[in-house]
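Worksheet: the structure to be examined is printed underneath.
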Amino acid sequence: VRCNPGQIKADGGDQQKFDDGMRAMRKAGIQVWPSPDVMEKMGAKDALCKVADMNIGLPDTLAYYTEEEFGAGFKKTMAFQPRVIKQNRGSSGEGIWIIKLKEGNYCATFGERCCEDGEKLCLMEANDNHEEEHTVAEFIEFCVNGRNDKSGEWTSKGVGKYLEGGKEAGGQLVDQRFCPRIVEGELRYNCVGDALVGIIHKKPKEGGISAVGGTGSIYTYYGPDEAKFKNLTEGFLTKDLPLVMPALDLPEEPIPLWWTTDFILSSPEGTPAEEEKWIVGEFNCSCVG
């Protein structure tokens, strides 16, 4: 099954009806890869929270499902350090925002202060690396209610409303620490079952942050045994991978037939290769390739 989140609804279809049909096929003994449950839980952005305490995770990864959670949590994390806010439903980087305080007035310790509504944010969207400036209040309003008088003028191709429908309908936002070395590129691990079959290094265009295709990014292809990524490969395949499906509440489901994991380098510059820490940016098993 090869379909990005939102495509069925955008074409006038019913995602729930489609998923129920796939489940019925499985009950009839016809294998479906991936199952709707695997596609939903592995592809959801809050999967990053569920692997946060693994070697491939960041412990300060948060998920928001309501306006109140988002407003309170984001104002606290944003006051401490640059963040990446990720919507759940988009693809190709739409609704993934790299955010910094325009004044750079971050607090020294987490929770020391919270951002005020009027503080200015510098935002870059990962789908096309375009930049915008908005206040904290405007950004929260756009994420919750979309384009209106309170959210101001947006040049994004998206419409916001990332929490629409609530948790049950996939409405969620994930808040993750910004890793500045993403400008050096991210790694895509291309897997078939539990076997790594290839590695792609995706380097953003100069001056950009996102390496989404079509943004001028440079792709370099490596075999699964590439020595420079040996530390990540061995750690991921032998230590973390056996824990991933149970962590995602999918203990009885097999690893997808064809799936990818995108990794971002989170270690400071100068870290020896054997000590580098790479963290998951996203899993993808819905529309690989």
Report summary line: Residues meeting the amide H criterion for THR135 (H placed from the backbone, H to H distance under 5 Å, 5 or more places apart or on another chain) are LEU121
Query raised in the report: Under 5 Å between amide H atoms, partner at least 5 residues away or on a different chain: which partners does GLU282 have, H built in plane at 1.01 Å?
Result: ASP262
Requested in this report: Please sort by residue number the trypsin sites (Lys or Arg not before Pro) in the range 28-131 whose DSSP state is loop and whose Cβ has at most 16 other Cβ atoms within 10 Å.
Outcome: LYS102, ARG113
Query raised in the report: Which value in nm describes the separation of the simple spin-label points at GLU252 and GLU69, placed 7 Å from the Cα toward the beta carbon?
Result: 2.6
Report summary line: Contact order relative to length for the range 129-216, counting C-alpha pairs under 8 Å separated by 6 or more residues, stands in percent at 19
Query raised in the report: So how much slack lies between ASP225 and ASP14, counting 0.36 nm per residue of separation and subtracting their Cα-Cα distance, in nm?
Result: 71.8 nm
Requested in this report: Restrict the search to the range 191-280; then list the GluC sites (Glu not before Pro) that DSSP places in a loop and that have at most 14 other Cβ atoms within 10 Å of their Cβ.
Outcome: GLU206, GLU252, GLU269
Report summary line: Phi-derived 3J(HN,Hα) across the range 220-234 with the Karplus relation (6.51, -1.76, 1.60, θ = phi - 60°), rounded Hz, x for Gly and Pro, is 10, 9, 10, x, x, 9, 3, 5, 5, 10, 4, 4, 5, 4, 5
Report summary line: Phi angles of the range 120-134, converted by Karplus (6.51 cos²θ - 1.76 cosθ + 1.60, θ = phi - 60°) into ³J(HN,Hα) in whole Hz with x for Gly and Pro, give 7, 10, 9, 10, 10, 9, 6, 6, 9, 6, 6, 10, 9, 10, 8
**Report entry** Solution diffusion estimate, µm²/s, Stokes-Einstein, the range 92-193, Kirkwood Rh from C-alpha pairs, 25 °C, viscosity 0.890 mPa s
**Finding:** 159
**Report entry** 3J(HN,Hα) from dihedral phi, the range 208-215, Karplus parametrisation 6.51/-1.76/1.60, rounded to Hz, x for glycine, proline
**Finding:** x, 10, 8, 10, 4, x, x, 9
Report summary line: Surpassing 26 Å at the alpha-carbon level, of the pairs LYS161/LYS205; LYS102/LYS157; LYS167/LYS202; LYS167/LYS203; LYS76/LYS150, are LYS161/LYS205; LYS167/LYS202; LYS167/LYS203
Query raised in the report: Mean separation of Cα pairs under 8 Å and 6+ residues apart, divided by the residue count of the chain: what relative contact order is that in percent?
Result: 21
Report summary line: Relative to the compact-globule estimate 2.2 N^0.38 Å (N residues), the Cα gyration radius of the chain stands at a ratio of 1.00
Query - Where trypsin sites (Lys or Arg not before Pro) fall in DSSP loop in the range 140-177, at most 13 other Cβ within 10 Å - result: LYS150, LYS157
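Since every read-out is calculated from the coordinates, none of them should be taken as a lab result. Model, not experiment: these values are computed from the prediction. Methodologically, a virtual Cβ is constructed for each residue, glycine included, from the backbone with ideal geometry; neighbour enumeration extends over all protein chains shown.
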